[in-house]
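Asker: Next up is a structure, given as structure tokens.
The values are calculated or read from the model by the stated rules, or taken from the named source; none is laboratory data. Since we're looking at a predicted model, the values are computed, not measured. Neighbour counts are summed over all protein chains in view; Cβ atoms, including those assigned to glycine, are modelled from backbone coordinates with ideal geometry. Surface areas here come from the heavy atoms of the whole protein model, side chains and all, with no ligands, DNA or RNA. Shrake-Rupley method; radii C 1.70, N 1.55, O 1.52, S 1.80 Å.
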Amino acid sequence: MAHDHPHDNDLDPMTARVRALETVLAEKGLIDPAAVDAIVETYEHKVGPKNGARVVAKAWADPAFADWLRSDATAAIASLGFTGRQGEHMQAVFNSADTHNLVVCTLCSCYPWSVLGLPPVWYKSPPYRSRAVIDPRGVLEEFGLRLPGETAIRVWDSTAELRYLVVPQRPSGTQGWAEEALAGLVTRDSMIGTGLALAPEAAS
Amino acid sequence: MSGEENSFAEPWQAQAFALALALQDKGLVSPGEWAAALGRERARVGVAADGSDYYHGVVAALEALLAEKGLADHARLAELAAAWHRAARATPHGAPILLENDPVGQHG
């Protein structure tokens, strides 16, 4: 078909493929386009590592909450209003002087969405997924995190049913801090285990 | 907080991601099925070492699952993608691109 107007519109191939998927699913009544839009809105604007930072700060400030988080992370996290979409279970793993925890998904990219939002690109990269298990200490050094030799590194491989949240150690010099201020020290990477919580002087 | 890299780079990535979640919300695909389908795509030779083609894998996993479940085969999806391309080219600049704008028509 010839047209007189210039062809200044087109879709890139990936957009066209996704629209084809959407069209088929909507035609069959299997998805509601409004529900799909709501999911996009949620992940673009509403969930993110700030949720996880609130969980960690509360655990630092409130020993009873920390105990609850240790024994039933799914419920403790849900009490703050953060629930997984498909009811996947959460486990909180606490860093200590002896043990540092690191989270990976070797299969694909299972990630604690409800508390951390979307995974960073590197979390989804093949080298991180394979090397986090084989050489966690080397991976951490690439993130600029050099742990003492006596600190053991425990690697947790996420699945579709079980997701992990690392609770980093509370930085020293934060006695008496309010939860909100504490949350400002909790980075996304510290909750994956590729970083530590910020020192108080780095927070402002 | 270093959060800049964990949003979607392009709108189609957000749409594809949301479609995968919507199918799981509806119970049409279980979380385990989805992880396995995505894992297969991400384990293919030639995936980018930096993870930048992750959402290409999401789209391929969705296509494979729809085919597996008999909801749409690759030919049907390819035909619809071509229809979207034709619709886009036939849509005047500034107007929303709708599938109805495909001059070849017939998608009901």
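Asker: Could you count how many residues in the range B:60-69 are touching a residue at least 40 places away in the same chain (Cβ under 8 Å) and at the interface with another protein chain (Cβ under 9 Å from one of its Cβ atoms)?
Answerer: 2
Asker: Mind telling me which of the residues B:Arg76, B:Arg86 ends up being without any contact (Cβ under 8 Å) to a residue 40 or more places away in the chain, assigned to a helix (DSSP H, G or I) and open to solvent by 70 Å² or more (accessible area, probe 1.4 Å)?
Answerer: Going through B:Arg76, B:Arg86 in turn, just one is without any contact (Cβ under 8 Å) to a residue 40 or more places away in the chain, assigned to a helix (DSSP H, G or I) and open to solvent by 70 Å² or more (accessible area, probe 1.4 Å): B:Arg86.
Asker: Still on this structure, please answer the following. Sort through B:Gly39, B:Gly57, B:Gly46 and tell me the only one that's without any contact (Cβ under 8 Å) to a residue 40 or more places away in the chain and assigned to a loop (DSSP other than H, G, I, E, B).
Answerer: The unique qualifying residue is B:Gly46.
Asker: Looking at B:Ala37, B:Ala72, B:Ala95 in this structure, which one is more than 7 Å from chain A (Cβ to nearest Cβ) and farther than 26 Å from A:Tyr43 by Cα?
Answerer: Selected residue: B:Ala95, the only one of B:Ala37, B:Ala72, B:Ala95 that is more than 7 Å from chain A (Cβ to nearest Cβ) and farther than 26 Å from A:Tyr43 by Cα.
Asker: Just need a number here: residues in the range A:65-104 that are open to solvent by 70 Å² or more (accessible area, probe 1.4 Å) and within 23 Å of A:Gly176 (Cα to Cα).
Answerer: Summing the residues that are open to solvent by 70 Å² or more (accessible area, probe 1.4 Å) and within 23 Å of A:Gly176 (Cα to Cα) in the range A:65-104 gives 4.
Asker: Could you list, in sequence order, all residues of the range A:98-107 that are in a loop (DSSP other than H, G, I, E, B) and in contact with a Pro (Cβ under 9 Å, 6 or more places away or on another chain)?
Answerer: Hit for the range A:98-107 is A:Cys105, nothing else.
Asker: Then there's this: Any idea which of B:Gly94, B:Gly70, B:Gly57, B:Gly108 is open to solvent by 40 Å² or more (accessible area, probe 1.4 Å) and at pLDDT 90 or above?
Answerer: B:Gly70
Asker: Quick one: which of A:Ala203, A:Ala160 is at pLDDT below 95, under 24 Å from A:Phe82 (Cβ atoms), of a type in the set (A, V, I, L, M) and open to solvent by less than 20 Å² (accessible area, probe 1.4 Å)?
Answerer: A:Ala160
Asker: What number goes with the only condition from (1) within 22 Å of B:Arg44 (Cα to Cα); (2) in contact with a Pro (Cβ under 6 Å, 6 or more places away or on another chain); (3) surrounded by fewer than 21 Cβ atoms within 10 Å (Cβ to Cβ) that A:Val155 does not pass?
Answerer: (1)
Asker: A further question on this structure: Could you grab me the full set of residues in the range A:111-127 that are under 30 Å from A:Gly81 (Cβ atoms) and at the interface with chain B (Cβ under 10 Å from one of its Cβ atoms)?
Answerer: Of everything in the range A:111-127, those that are under 30 Å from A:Gly81 (Cβ atoms) and at the interface with chain B (Cβ under 10 Å from one of its Cβ atoms) turn out to be A:Tyr111, A:Trp113, A:Leu116, A:Gly117, A:Leu118, A:Pro119, A:Pro120, A:Val121, A:Trp122, A:Tyr123, A:Lys124.
Asker: Another question, then. Does A:Leu182 satisfy the criteria of being at pLDDT below 95 and open to solvent by less than 10 Å² (accessible area, probe 1.4 Å)?
Answerer: Spelling it out, it is not the case that A:Leu182 is at pLDDT below 95 and open to solvent by less than 10 Å² (accessible area, probe 1.4 Å).
Asker: Taking into account only those residues within the range A:4-20 that are modelled with pLDDT under 90 and within 7 Å of another protein chain (Cβ to nearest Cβ), which is most open to solvent (accessible area, probe 1.4 Å)?
Answerer: By that ranking, first place goes to A:His7.
Asker: Kindly provide the set of residues from the range A:21-56 that are more than 7 Å from chain B (Cβ to nearest Cβ), among the acidic types (Asp, Glu) and under 17 Å from B:Phe17 (Cβ atoms), ordered by number.
Answerer: A:Asp32, A:Asp37, A:Glu41
Asker: Here are the criteria: (1) open to solvent by 10 Å² or more (accessible area, probe 1.4 Å); (2) within 11 Å of another protein chain (Cβ to nearest Cβ); (3) of a type in the set (Ser, Thr, Tyr). Tell me which single one A:Ser172 does not satisfy.
Answerer: Evaluating A:Ser172 over (1) open to solvent by 10 Å² or more (accessible area, probe 1.4 Å); (2) within 11 Å of another protein chain (Cβ to nearest Cβ); (3) of a type in the set (Ser, Thr, Tyr) leaves (2) as the failure.
Asker: A further question on this structure: Quick one: would you say B:Leu38 is in contact with a Gly (Cβ under 8 Å, 6 or more places away or on another chain) and either open to solvent by less than 20 Å² (accessible area, probe 1.4 Å) or at positive phi (or both)?
Answerer: When the stated conditions are applied, B:Leu38 passes them.
Asker: Next up: For A:Leu165, which of the numbered conditions (1) open to solvent by 30 Å² or more (accessible area, probe 1.4 Å); (2) of a type in the set (A, V, I, L, M); (3) part of a strand (DSSP E or B) fails to hold?
Answerer: Checking A:Leu165 against (1) open to solvent by 30 Å² or more (accessible area, probe 1.4 Å); (2) of a type in the set (A, V, I, L, M); (3) part of a strand (DSSP E or B), the one that fails is (1).
Asker: Give the residues of the range A:108-139 that are open to solvent by 30 Å² or more (accessible area, probe 1.4 Å) and part of a loop (DSSP other than H, G, I, E, B), sorted by residue number.
Answerer: A:Asp135
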